[in-house]
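All remarks here apply to the structure that follows.
A short reminder: the numbers here are calculations on the coordinates, not readings from a lab. Nothing here was measured: the structure is a model prediction, and the numbers come from that model. Methodologically, a virtual Cβ is constructed for each residue, glycine included, from the backbone with ideal geometry; neighbour enumeration extends over all protein chains shown.
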């Protein structure tokens, strides 16, 4: 049963991501897709209050659970499960609200590169076309998250195997 739960969570999360992404694509006919498309402006994105509020709530609850998981993890190994749920919720919130979270982050990053015309233009475009900049940035975030997740999982597996090997050699 314990092995089935993570598999079910991954399957449901993957399904939800595919369903959410495909809803918008399926609403457009092939002829409309070939035509001139326009990006939603900042004002249009801000009017998606239901989606934006849900994203903020998911990130907030996720961050609280991540913090609680770390604190609990100092006392008990089950803190990893609490932190896992927190990470799942916060990441889902960031992906759902990418048009809210990413453009200001990208603008701040652009400002860190100085006051040159290129840096200012990049920072302003991040806010002017929030969907376009969010799609680019969320792809990078997902990639970094996956690499980090697999690195942590691999190191954890190595530590567990080393501890198990050490435990077997001691009783002999």
If you wrap a convex hull around the C-alpha atoms of region 39-161 and split its volume per residue, what is the figure in Å³? 115 Å³
Can you pull the one-decimal nm distance between simple spin-label points at residue 57 and residue 10, each 7 Å off the Cα toward Cβ? 2.9 nm
Modelling each spin label as a point 7 Å along the Cα-to-Cβ direction, I'd like the residue 165/residue 48 distance in nm, to one decimal. 4.8 nm
In this structure, the FRET efficiency calculated for residue 124 and residue 20 from their beta-carbon separation, with R0 = 35 Å, to the nearest 0.05, is 0.75
Expressed as an acute angle from 0 to 90° and rounded to the nearest 10, what is the orientation of the C-alpha long axis of helix 49-73 relative to the principal long axis of the chain? 20 degrees
Ranked on Cβ counts within 10 Å of their own Cβ, fewest leading, 155, 44 go 155, 44
Computed lengthening from residue 85 to residue 152, 0.36 nm per intervening residue step minus Cα-Cα distance: 22.5 nm
Residues 84, 113, 91 arranged by fewest to most Cβ contacts within 10 Å: 113, 84, 91
Taking neighbour Cβ counts within 10 Å as the exposure measure, how do 49, 92 sort from fewest upward? 49, 92
Which one, 58, 121, 89, has the greatest fluctuation when you compute a Gaussian network model over the chain with C-alpha springs under 10 angstrom? 121
